[in-house]
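Before any comments, here is the structure.
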Amino acid sequence: MPIVPDGPADGGHQDDDRGAARPGGPLFRDGMSQPPQQPSHAPQNPEPMPDAPQPAPAPQKKSAGRDLGAAIGVGVGLGAVIVASLFIVKTVFVGVIAIAVVVGLWELTKRLEERKGIKAPLVPLAVGGVAMVVAGYARGAEGAWVAVALTALAVLVWRMTQPPQDYLKDVTAGVFAAFYVPFLATFVAMMLAADDGPQRVMTFLVLTVVSDTGAYAIGWRFGRHKLAPRISPGKTREGLLGAVAFAMAAGALCMQFLIEGGTWWQGLLLGLAVATSATLGDLGESMIKRDLGIKDMGTLLPGHGGIMDRLDSLLPTAPVVWLLLEVFVGSG
C-alpha cells in the first residue's frame, strides 16, 4: 500500500496555531498597534512556519529485493536444461542432479568454514554424494542407503588425517551435509528410475515451483500476518495459503494428465503435502543462513543467489513426492 504520512493528532488546533503566528492572523484583525511581546525564554528568531501544507511523499513501491530480470532469465535457462535432459536421455538428467549436488555441497561447506570455522571434508562428501545419486537411480532405496553409510564412514576416516582438534564438530557437520544435500536429492533419481520417471520428476518440479510462486505472489500482494518472523520475516500466512492453493490446483492437473493411473483427488493431497514440505524446507535453510549470518548461500545464479538457495524447497520435497507417488500409483 502507498505510505501515507501520519496526520496531526489534532488537525484543527494545529491549523489555528499556525494562523495565529503569522501576519494577517486574528491578532492583526483585532486592530492591535503592537505585536505581542515574546516571552524572555522564547528564541529570538523563531523558525517561520510554512503557510501551505507540505506535499505528501510519493508512494513507495514494494520491491522483490532481487534483480527480477536476471532471476527470470536464469530460471528460464535452468528450466530449458532440465526439460531437455529429462525427456531426451534420462541418464543425462542423473548427471544434472549430480552436478547440482556437488555445487550445493561446495557452497554449504564453504559457508560453514567461512562463518563458523567448521571444516566439513568436501572431497568424500562430493564423491559420496555422486555415488548416492547413481546408486539411487540404479539400485533404488537399498543402494542409496548403502552409499550414504559409506559416505559417512569416509567422512570420519578422511578427517582423521588432520589434527584431532574440532574433529567431532567437523564430522558432525559432514554427516549432516551428506544427509541434507545428496541423500535427499537421491529421491529425485529414484523417481526418475520408474518407467514414467520423467513425468514423475516433472510433477515434482512443477508442484514445487508453483508452490513457491503462489507463496510469493499472494504474500507480496496480500501478506499481512507474519508466518515465522524470527526465521524469515518476509513469509506470511497469506503466502502459505497461496502456496497451498496453487500447489493443490497444479497437483490435481498433474496427477490427472501426467501420471498414469493417477486421479485428481490424489493430486490435491500431493499438492498440499508439497506446499507444506517446500515451506518447511525454505524455513529450514533460512534458519541455517540466519545462524551463519548470511543472506544467500552463494552467488552463482544471478537474481537467485546460489544453488542451495534454489534447492532449499526442492530437497525436502523430493522424498515426500517419491513416497506419495509410490503409495498412489506404485513404483512404476
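Filter the cross-link list 169/235; 119/235; 119/169; 116/235 down to pairs whose alpha-carbon distance in this structure exceeds 20 Å.
On the way: 169/235 32 Å; 119/235 32 Å; 119/169 8 Å; 116/235 26 Å.
As for pairs spanning more than 20 Å Cα to Cα, those are 169/235; 119/235; 116/235.
Shown for 287, 297: other C-beta atoms within 10 Å of each C-beta, ranked fewest to most, produce the order 287, 297. Sorted on the mean count of surrounding Cβ atoms within 10 Å across their residues, most packed first, peptides 275-282, 241-248, 118-125 read 241-248, 275-282, 118-125.
A straight line joining the Cα centroids of segment 159-173 and segment 242-269 runs 46 Å.
Can you tell me, using C-alpha contacts under 8 Å and at least 6 residues apart, the relative contact order of segment 86-193 as a whole percent?
Numbers: 129 pairs, mean separation 36.8, N = 108.
Across segment 86-193, relative contact order equals 34 percent.
Annotation: the residues 158, 322, sorted from fewest to most other C-beta atoms within 10 Å of their own C-beta, follow the order 158, 322. Around the amide H of residue 235, modelled in the peptide plane, lie the amide H atoms of 227, 228, all under 5 Å away and 5 or more residues distant in sequence or on another chain.
The numbers here are math on the coordinates, done by the rules we state, and not lab data. Given the structure is predicted, the values throughout are model-derived calculations rather than measurements. A quick note on method: Cβ atoms are made from the backbone with ideal geometry, for glycine too, and the neighbour counts reach across all protein chains shown.
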